[in-house]
Structures are given as structure tokens and as C-alpha cells.
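The structure appears below as C-alpha cells.
The values are calculated or read from the model by the stated rules, or taken from the named source; none is laboratory data. This one's a predicted model, so the numbers in the text were calculated from it and none came from an experiment. For neighbour counting, all protein chains shown are included, and Cβ atoms are generated from backbone atoms with ideal geometry for every residue, glycine included. Surface accessibility is based on the protein's heavy atoms, side chains included, excluding ligands, DNA and RNA. Shrake-Rupley method; radii C 1.70, N 1.55, O 1.52, S 1.80 Å.
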Amino acid sequence: MCSKHKTQLYKELATRFRKVANQTLHTDSPDLPECFQLSVLSWLPCVYLWFACPPYIFYLQRNNKGYIMMSILNRVKTVFGLVLWIVCWTDLFGTFHELQQGDTKPPIYFVTPLVVGMTMLLALFLIQFERLSGVQSSGILFIFWFLSVLCAIVPFRSKILQAKYQSEISDKLRFTTFYFYFSLIVAELILSCFNEKPPLFSNIDTDPNPCPQSTAGFLSTMTFWWFTSMAIKGYKNPLEAKDLWSLNKRDSSEVVVPKLLREWEVEQAKAHSAEDQSTQALYSKPLPEGESNHVGGESSPEEVEVLLSKTKDPKKPSFLRSLIKAFGPYFLIGSAFKLLQDLITFVNPQLLKLLISFTKQKGAPTWWGYTLAFLMFFAAFLQTLILHQHFQYCFVTGMRLRTSIIGAIYRKSLIITNAAKRTSTVGEIVNLMSVDAQRFMDLTTFLNMLWSAPLQIILALYFLWQNLGPSVLAGVAVMILLIPLNAAIAVKTRVYQVEQMQYKDARIKLMNEILNGIKVLKLYAWESSFKDKVLEIRQKELNVLRKTAYLGALSTMAWTSAPFLVALTTFAVYVTVDKNNILDAEKAFVSLSLFNILRFPLNMLPQVISSIIQASVSLKRIQDFLSHDELDPESVDRNNTATDGSVTVVNGKFTWAKQHPSTLHNINLMVPQGSLLAVVGHVGCGKSSLVSALLGEMEKMEGDISIRGSVAYVPQQAWIQNATLRDNILFGKAYNEQKYRCCLEACALTQDLEVLPGGDLTEIGEKGINLSGGQRQRVSLARALYHEADVYLLDDPLSAVDAHVAKHIFDHVIGPEGALQGKTRILVTHGISFLPQVDNIVVMVEGRVSEMGSYQELLKQNGAFAEFLRNYSLEDIIEEDEATEALIDEEDFPDDALSNHTDMVDNEPVVNEAKRQFIRQISIISGDLENPKSRSVRKRLCSERKHAESDPEKKLPKVDKLIQAETAETGRVKSKVFWEYAKAVGPLLSLVICFLYGCQSAAAIGANVWLSQWTNDAAQNVTQENVSMRVGVYAALGFAQGLLVMVSSFTLAMGNIGAARKLHYALLDNKFHTPQSFFDTTPIGRVINRFSKDIYVIDEALPSTVLMFLGTFFSSLSTMIVIVASTPIFAVVIAPLAFIYIFVQRFYVATSRQLKRLESVSRSPIYSHFSETVTGSSVIRAYGRHNAFVLMSDMKVDENQKSYYPGIVSNRWLGVRIEFIGNCIVLFAALFAVIGKDKLNPGLVGLSVSYALLVTMSLNWMVRMTSDLESNIVAVERVKEYSETKTEAPWEVEDKKPSSDWPSQGNVEFRDYSVRYREGLELVLKNLTLSVKGGEKIGIVGRTGAGKSSMTLCLFRLLEAAGGEITIDGVKISEIGLHDLRSKLTIIPQEPVLFSGSLRMNLDPFEKYSDGEVWKALELSHLNKFVSNQPAKLELECSEGGENLSVGQRQLVCLARALLRKTRILILDEATAAIDLETDDLIQSTIRTQFEDCTVFTIAHRLNTIMDYTRVLVLDKGQIAEFDTPTNLLFQRGIFYGMAKDAGLAQ
């Protein structure tokens, strides 16, 4: 019976669906047959659950989070499940009971209760199984209950309808059980919305601020509801770092990085094993470890080369494969979501088709329309949820990729060899971290488009073909033709971008130099020349930007007009091909919505492909870096107990890079436990290399090294971290007050602490910027001392400190009586005075040990050492120490160039010829040796720092400044800033731009309205006559829109470029006019940041943001206009929707803006910590702090991701909410179309709904763009802030111009003169009164901080008077223009500053002098020989900071500048130990002869240079202590006498 019944039913169903006169569909109260209800509707949820269960259980077993305690919620769920099972079985038993009564039911009555009952048991099992696996909220079960309720609604209604129409209920039992069943599944659905407690022992309890995501329920996860708490918090108050949730464990470095590294090691192992097999094939026996240089010992290197070249390239380990293995599976989940979303996308056009055909049918029941409207809404909503899940997975994958790549690079950079380190500069490695890791992150979001775009295109074409037949091909042809156009534009834009980057880099490099040497520019009055240079580069940059803007306008036009052109060609072809083809609303608008779907993948594909190409470049760079050679940790034997020596080297042969010749050869050393060994030798003879070899930093070619015990290392260039002074000394050791105080005392740091504002808790700037060179060196020494190691390697720690301090340190720390007695010490030194006190001396010559022994032995041996010592009287030794009073603060010189050549030079002006030769040879040697080990990156510190040292008070504000690091702005951007920008663009132009955008939207609306009119022709059957007219007007409107788009985006770009030019000019102009004190207190990085990052934002980011913003704003507006025009009732809904929209938008913008700021503030520490690590890697390794630093880096990355992660989620949160509003618009547009269907024609319905389907996208983007606009406009604010700082006095005062020959005599007079560095600081010079006659030579001496340098700065008005005045030849200098004053004085500064450019430019930037005069100056400054030997002669390119000249040569260039200017007054700020004595003598003798009739002020560090001066001025604490001729002063036995006595110049 039932089978017949069933076949009949199916037949009936089939015929019913075919017939239009169908009772199910065509009544006003539809119903489904009972059999269908019992079978399909009941089984659907069950089938779902049984299919979803196995993979889910498998997943839970893999990811067990620990069990959850039984809670009331869980108990209730379980009880309800049981009751449900009982209800189903009651049904079953009821059927059996009826069977016994003889009332046979169809089998379906047995099967369904059984199936449903079993499924309830499965659900019951899942509830418990999830509890034991620690699942707090189940998606699988939620969907199951939801489906069950959905399917039960139909029987629910039909059972009530039956009861209504029948007098009594026929089947009381099933009626009752069903309503029981229904209420229980609704209850289960409601319960499954709530969360369980977190599992036991989960880290939720311990975490102070856990991320609510881990405990969020299924619904909350799908809609990102859990983020709301942060959005609210961010809206109320600007978010701060402490408000951020901690990172999910699974995203943190400690989980993610090891995961990648494990896979990478596997890859490397594979590659190595492959390599080993190929090499083993070559040589019958494998190579012994470490003998790869001479292979197997027998064949010569050449043969081996030939042998090796025959084999194929070894297989490189693939970094990509390890990435895929580590992060692929998680990413695939996101891909699955994407696939679902792609399919759902195509549901809406089909529904639109049905909706339009519904409006055509007059008699159709209205519930169809409502169903369609709600289905559209539901499909769109589902699509939203799924899309954002997909994005979430992709972004999280991207975030993990970035974390792991940064982690891997950081770990690698700590252990690569020096040769490898030289191949990539610190900047490049930081780029790997920032740019390349970022590229991967960006790629992951789009990666799925690779397969999704073709899929969407195929599907869209398939549906279009169904709709319009082969005419679609015309449209597709247009799309395909547009692709090469877009590609060509992209390629060209790319070229321009590269060109523009070059200009930008050149400009930033120049700005960097200008800011670093701003003081010199001011002293020489050279600002305007350099300003012109910058503006010239800037002009080129803007020209390229303009070209890019033309292209941008073209591509915007192509992007906007593409869908239109495609529609136009398709429709035109469609109606002209065949007379019977009629374009009706259905065809037109469904095709339009499909074309709109097509537009996205077609535009994305080229982008994805180009970003894949970029990422592959990055991949290769990262892979190469991670495949570099690593230092061999076994090269130094650390646990050697066999020998009695504490440090032994046997037959050592070392090189810096495997392919270079060896730097050190046959080194044999044995340092007994507890002895002090000094290493001496000329510059560049390998002293520092020896220390590096002992640390295991060099490649060991042969021999053995062993060191017993732990090591402490003091490098030649002190390495200081950006941390407090105390942290720098402790360096990870526990703090012990007493021991710490002793270290400070011994290293003579106690006095320095009193000067620093925060004592030992003062924060030290990057690279120790607020410490003098000597202080840095002492901190470095204190760190070693505090570490209590067994072996101390001290690489010339005394070179940077003053003579008396050097003595103190030697006595208290290094020497036989010092704190380190009993430890093994190896001291590289240039100080001859200490040699008698050491145990042994090693003399190095050209990379080998030439002699070794104690002081006495070496004197007796009468070798090179003895010769070398005998040439010096004791006086010279002391003198040499005096010379060492260096604050070597400037460059990272190649290792030994810092040491003074004093060891070998006499101080007399006339040095005998032989000795001169000797010195020259040494210079040549050091010149050759500079290369192999010159540091790959030379950090230049700004030249002003020296003055900061010369005077303690000056340091105070600098430190305060350091501590208040640059703050992130908070709160809303003021409308004033937008107005500023509009003003810069031009207020009129701004209005024109908005007007053009309005016109463009109007044209677009016009074209679509025309289309809807056209489609209505079909209904009136008047198609043929006006086809050409219809097509023509449609085309005209469309082209007008395209043209307007192009014009508007171009006008906008022009406006933006104009604004960029104005803003940059104002900033640059102001910075050249800013007083010196600003640069002393503002870190240069901050100013450079304005010129690079902020100007970049104004040049590139802002224009595109504004463009997108205007575009989305007008498109959203036009949507609203269209919908309201077609269904006016829609206006009612606009208000509440707009309210919700603005509400969400405000929440989002406030939160996301702050998150972006926090993210960028927390990003820079990653990179600065990294570059610090790379520069200090040898110190970190020596102290064995490798792991601690890795942890620090991980923490910084996690800290950054902590603000990045909520940033991603905020976008998802916003997306779901805004798209929900968009979906509501779709719903209401469709609903109102259904309601007013009698009054509307199909064309209008199509128009309004297809517009509504588009609006979601623009609404979403509009909020994003508002947010971006607010973030980017901040750049205008920051640039403005620095364009309006206080300026110095005018460069020229017209009515006070001095005569052209002023100053003719050179008389200088100070009257009651006082000065302070800045407002609020104490006076540096107090009431000076003195007068100097023209042509006098004045020496200025005084202890550090007495105000010597300040006095010279006053003459140039770099410091303005606080009282009193200075007159030169009767002219008050405070009244004339700065350039007039400064161009008439000449200074030879303490540190020579050169700018990159030709040598000629460095001597004479304004080209005032002829070549002859320039050569004359070079000849007098002893440089002509050097310059004429250069192929480029005067056009010799100086590199940044003049690093391709030696320090002495740079000093001579400054002398040549002075000789060229030849003014009546010369100020000589004498250089300290950075310069060798020979150069010093050259300069002194030139000055004595060439500047005979000029007034000369010399700030002297070496008293012997000023002993023959007319008068000497002794300053003490800013006041004149003594002022008289040198002989009188010596006779007076005052301060000067004391200084001379110290220097051994007086008895």
C-alpha cells in the first residue's frame, strides 16, 4: 500500500510542481503534504548531524582543552535531550500500539521516530563529549537545533490549521508529542546560545586580561559579538596599551615561531642530506669536519673547483614548503569558507530574477514576494557571516606568518657569521622583517582569490549565458580587453613608483645629512644652498607623482566604466543580433547584478598575481637570509681542563670570511690563570681581530683555541642598549647593591651619575646618545666588571676616556691592584704608560705575534718593541695620555682607526724624515686593513652631541625628552586639520571636486534609470522603433560618467599634489630657520619621520583615501536616492538605518583609530631592538645572553600583535554590522517593491533592488575610508606642528646690513655678556667682559663644562645673549642678519662634517670661488697631493659623512674651507684624539702662517699648541678665571699652571 502510495505521491508531486495551478504554491495559505513533512523535513537535520559528527569528533580528540565541570546548564541540556528521545520513542511505541489495534500505518511512521530518536541520542552523546573536551559552545549542535526548529515550523503550522478546520483532533497522541517535541527543541536552541564555564586548569584564570574570543559562544564568534566590549571601551575613552587583551596562546611567538622553525629545520636537513649524497659521490671518503678548505688534503683547490662545478647545484631548502606545512591546514579552513561564500553569492541574482518575474504576474499570491524578500535577506546575511569568517582565518594566518618570520629572522641574525652579516646591512635585515614579512601578511588575505576569482568568473558567465545567450561573449570580450589596459597601467605605475622611491630615498638621505650636520650649515651660513638641493629633488618627485596621477585617473575610469561598458556592449549586441530578442527587466537587471559580481574577481586577479610576484621576491630574500652560514659554536673549546693556561691558542689561523685570505696566522698564545696580558701594535695589525678570534667570532681555518670559564668582553666601540643605565650594567644579572656600587666606583661612574637627571635609572637613548664617548666606554667596562667572569677580553677600553680617568680605571679595575686581580685579563691598549705594570706583552705585527714577554724581557731583546719605546721620553707618554682625552662620539671608525697614532709620533712640529715615513707606512697599512672588517653599517650620531657633553646642565632636558617618548595622539581629529588640508588644496578647488563627483554619480544614475525605461518598452511592445535611440542615449550617459570620473579624479590628484608641495615647502623652510636648541632637544629620528613617513602619507596615502572616500560616499548616496525615488516609503526606514550606521561607525572609528596608533607605536620597538641586537651581537654572544634577547624580541612582537589582532577583528566586527544594515536595505527595498507591486513597473523594481545589492560594499568601504582618512589626516597635523615651531632671527636685515669689507680689523669685544642654552636653564657664561684686538691669537682653556665651546657658539649667535652684548669692529652682532654675521666668521669645528656630494661642493657650495682658488686652498691644507691622485680630482664623490676619507683628511678639508673663506676672525675648536698628531701639526703650522693677521680663538685640549699664543683665557664655571700671556700665567701659578703641570709642560 505505502509503496504505491509513495510512488503515487511522488508522481503527484512531480506533476504538481510542473503545473502552475498548484495547490501548494498557488493558494493564499500554502501547506505541504504530511508525507513530505514526515520524511524530508524530519530527516534533514538528522542527516546533517550524522554527517557532521565523525569529522567533528576526530577534531575534538585532536584539540582537547581539558574537561568542564557539570553545570546546571549542562544538566538541563542533557535532561531535555533525554526527554526528546523519550518523546520520539513514545511516537514509535504509539505506532506499534496502533499496529496491534489493527490500524496499519505507512512505514514512514516507524522509520522517522526511530531515526529522530537515534539522532537525539547522538546529540546527547555530543553534549557530554564536548563537555569532556572542553568545548564551551558548540556550533555543530547549534546548527542542528536551528535546522530542527526551522523544519518543525511547517508541521507546527499545518497541525494548527488542521485542528482549526476539523471539529476534533484525529491523532491526539502525535499532536501532543509533536508540541512537546517542538517546545523542547526550541528550548535546546535557546540553551545552546549560552556558554559553558571555561575548562578546568585553563589559562583563563591566570591571565589578567584574557581575550574573550576563547570563551565566546558560537553565535558570538560568528557575529564577532565578543569584540563589542572593546568597541564600547574605545568609544568612551581612547584605548591604551593596558586595555588590550592578551594574545591568544595559539597566536603567540612561543607557539608560532618554534612551529615554523621545526619545519624549516626539517627542510634544511633534507637539503643537507641531498647535498651530502652528491658530495659523497665526488670523494670516496667524506671530508673531515672543518677541513673543507683543503679538500681531503690531496687535490689542489683548482681541481676541486672543477670537480664541484660539474655537479648540479645543491637543492636549496624551501622556505615556502615549511610555511605551508606550518600554517597551511589552518588557512584551508578559511578557504573552505570562501568556497561556500562564492556559491552563495550567486543565489541573489537568481532570487532577483524571480522577484522581477513575480512583479510581472498580476495574480500571484503575495506570500511569494515576502518569501523572496526574506530569502534574499537571509542569503545575503549568510554570505556576510561566512565571508567574515573566511577573512578572520586569513588574517590570523597572515599574523602568524609575520610573527614567525620575524622570529626566525631575529634568531638567525644572532648567529650568522661576520661574512654573512656583511652581505646584508642592518637596514636590509630590518627590511626583511618589516617589508617582506608584511608582504606575506598582505598576501594571505588575497591568496584565496587565486582559485576563487576564476571560479566566480566561470559561474557568472554560466548564469549570464543562460540569461542572454551568446551575446555575453561581447561583454566578456570587453572585459578581457580591459585587462591588458589595466595591466599596462599597473606596469607603468610600478615604474613610476620605483622612480619616485629613488627620489624619495635621495631626499631623505639628504635631509638626514642636513639634520645631522645642521649645526655646521648654520655656522657656515650654507642653509640656502642645501635648501635648493632638497627642493630640486622634491620637484622631480612631484613630477613623477603627477604622472602617476594621470595614470591613476585613467585606471579609476577603467575600473568605474568597466561594468558599464560590458553591459552596454552585451545589451547592444543582444538587441541587434536578433529581432526577437527583447531586453526586459529580468534580463537587464539580473545581468547587471551578475556583471557587478564579475567586476571584483576581474580586478582582483591582476592585483593578486602582482602581489604573489612581490611575495615570491620577498620569499627568496628571506630564504637566502635564513640559509646563511652560522657561527660554529664549537670553534672555541670552553670546557677545557687539560692545559694549565686559562686561554690557549695553538697554531691559530683565522679569517673574517672563508673566501678571504687569513687575517691572523700562526698565533700561539698561552695566558696563565690570573695574569694580565697587554696586546700592543700599530693600527690595523690585528689586535682587535685577536680578541674576536678568542670570542669565536672569526672563521677558524686551523689550530685550536680553548678558554677556561666564562668570558666578559669590552668591545672597542662600547655597545649601549636603549635601557636604563643600571640595566646596561646589570645586563640580565640580579641586582646586588653593594657589588653594583663597587663597580660604579671602580669605573669612575659615580660622579657621572650625579650629573644624570635620574641617576642610574636615567634612560639611555639609542646607541648611548646621551652619554659621552668616555661614559659609554666606562659603562661597558662596568658591565664586564659586574659580570664576574673568569676571563676578561678588553679591547682598548681606555682610548675614549680622559687621561686621569684612564689612570683611575687602570689602577682600580684592570691593573695588578685593581678589582680584577686574580682574573685572566687580555688588554688591547695604546697607552704606553701602563705597560710596565702588566705581566706579559704581546706585540702584533701584520696579523702575527712578533714578540712576547714581560716589559723587561722585551726591552732586553732589543727588538721592534724596545726601539719603539726608546723613542719616547716620559713626557711624551704623559702627553700621549693627555691626547687620549677623547670623546670619540662620532662615527664607528673601522676598528683601529680610532687609536691615536701617538704611539709613534713626536710632538715637535718638525718630525725627522725617517719617522714621517714610518707614520705614512702605518697610515697605509691601516688604510688597507680598514676594509675587511669595516662595519657594514656605520651609525652616525649627530654632531651636536659633543656640546651636550661639554656641559652637564645641557643634558637634563635631553633625558626628560627621551623618557617622554613620542606619544600617540588620542581622540578625534579636529575639523581644523581637515580645513587646513582643504586650504592647502585650495578651497575653491575642493568645491569643484565635490561638484564633479556629484555630476559623475548623477550620470551613473541617469544611465541606469534610462535602462529601466528601456526595459519597460518590452511590456508595451514598442521595442523595435527606438532600439537605436535607447542604445545611443544609454551609451552617451555612460561615456559622460566615464569622462567625469576621469576629470574628477584627475582634478583631485592635482589638488592633492599642490597641497603636498605647499606642506613640504613650509616644513622645510621652517626647519632651516629653526634655532639650534630645537635640534639639541629633539631626536633627529623624529624630524626625519616628519619628512619621510608623514610626507609620504600626504603624497600617496591621503590622495587615494580621499578618492575612495568621495567615491563610496557618492555611490551610497545615489543608492539611497534611487531606492527612495522608486519606492518613496523607503524614506521611513532610512532614518533608523542611518542612525544605526552612524552609531556603529563612531564606535568603530574611535576604537580602530586608536588601535592603529597603538599598533604603530608598538611596531618601532621591534625594529629598533633588532638593529640594536645586530650591532651588539658579539657582546650578546660573549656574555651568553642569546636566549634572553630572543625572548625580549618575542615579547616585543607579541606586544605589537596584541594591538594588531583587535585591529583585524574590529574590521570584521564592523563588516558584519554594516553589511547587516546593507542586507536590511536589500530586505526593505524588496519588501516595499512587493507591497507596491501594483503601482511599480518591473524595470523600477529591478533598478532599486539591484542598487540595494550593491550598497553593502560601499557602506562598508565608506566607514573604512572615514577611519583611514582620520588616521592619515593626522600626518597633516604632524607636519603642520613642525612647520610652525619658533624660528631664529632673520638671515638678513636689510637696513642693518654691514659693509662688504666688515670686519676689517677683527676687534672682538664682550661686554658683561651672559648666555644660557635654553629658557629655564642656568647661565653657561656669566657676565664675561673682555676685549681682543685685531690679529691677536687667543687660547681658551678650561676643564670640561667650563663653557669653552659655548663661547664660540655665542660669536655665531647659535646661542642668543641672555644679557650684555658682543661687538665686532664696533658693530653689535645682535642687530645684523644671521647670514651676514656667520658668513664673515670662520670656524674649524671639532668634528669634521662632510656632506655627500663632490669634494668641490663640500668646499664651496655656492660656487663663489674659481677652481684656481680652490686648488690653492687644497695646497695650503696639504690635500692637493691626495686630490690630484684621484681620477675625479675636485669632483671626487664624498660618501655620506665623508666616510671614504680618513678622519685626518676630513679635518684637512675643514681647514681648506676656512682657507677659502679667509675671514678676519677664525675660531678653531681643537679636535681631540680622533685625529692623529701629524695632521694636528699640519693644521697648526698652516694656521700660524696663513692666518697671521687674523684674530684667532683656539679652544685647546693640548696645551703645547697654545704656548706661543698672545694671550690665554682660562674659563672656570662660565666665568673668566685668568686672562693673560702664557708666561705670566705660568708665573702666577693658578689654574693654568696646574693644567700645564699635569701635561708635563711646567715643572
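Couple of notes before you dig in:
- Among beta bridges identified by DSSP and lying wholly in the chain, the antiparallel ones come to about 55 percent.
- Mean Cβ neighbour count within 10 Å, used as a protection proxy, ranking 1276-1285, 1027-1036, 1404-1413 highest first: 1276-1285, 1027-1036, 1404-1413
- Accessible carbon and sulfur surface of the chain relative to its total accessible area, %, 1.4 Å: 61 percent
- Heavy-atom surface of the chain, accessible at 1.4 Å and reported per residue (Å²): 42 Å²
- Contact order, relative form, for the chain: 11 percent (alpha carbon pairs under 8 Å, 6 or more residues apart, mean separation divided by residue count).
- Principal-axis tilt of helix 172-191 within the chain, Cα atoms, nearest 10 degrees: 10 degrees
- Helix axis angle, 1477-1490 relative to the chain longest principal axis, alpha carbon, degrees: 70 degrees
- Entry note: the stretch 437-495 has Rg to Rh equal to 1.12, where both radii use alpha-carbon atoms and Rh is the Kirkwood radius.
- Pair V255, A1188: separation of 7 Å Cα→Cβ label points (nm): 2.9 nm
- Sites A1131 and K1425, calculated FRET efficiency, Cβ-Cβ separation with R0 60 Å, nearest 0.05: 0.10
- Unsatisfied cross-links (Cα-Cα over 20 Å) in the set K1326/K1348; K338/K587; K739/K823; K11/K164; K492/K540; K316/K620: K338/K587; K11/K164
- Helix 1186-1235 and the long axis of the chain differ in direction by around 30°, with both axes built from C-alpha atoms.
- With 0.36 nm allotted per residue and the present C-alpha distance subtracted, the L450-K242 stretch has 70.9 nm of extension available.
- Label-to-label distance for D629 and W50 is 6.6 nm, based on points extended 7 Å past Cα in the beta-carbon direction.
- Virtual spin-label span in nm between R546 and Q100, 7 Å along Cα→Cβ: 9.9 nm
- The stretch 68-110: equivalent-ellipsoid semi-axes (sqrt of 5 x gyration tensor eigenvalues, Cα, Å): 34, 8, 5
- Per-residue extension of 0.36 nm, minus the Cα-Cα distance of F1143 and D578, leaves a gain of 198.2 nm for this segment.
- Radius 14 Å from Cβ of I1376, net charge of other residues (Lys, Arg +1; Asp, Glu -1): -3
- Area accessible to solvent at S1428, 1.4 Å probe radius, in Å²: 50 Å²
- Within the full protein context, the accessible area of S1439 is estimated at about 40 Å² for a probe radius of 1.4 Å.
- R0 of 22 Å, Cβ-Cβ distance R1343-T750: FRET efficiency to nearest 0.05: 0.80
- Violating pairs (Cα-Cα greater than 31 angstrom) within the set K533/K1416; K1062/K1416; K687/K1462; K658/K1433: K1062/K1416; K687/K1462; K658/K1433
- With bins 10 Å wide beginning at 0, the percent of Cα pairs of the stretch 1003-1090 falling in each bin runs 14, 23, 14, 12, 11, 11, 9, 5, 1.
- Segment V266-V498, extension gain: residue separation times 0.36 nm, minus the distance between their alpha carbons: 79.8 nm
- Pairwise Cα inverse-distance average, inverted: Kirkwood Rh of the chain (Å): 39.0 Å
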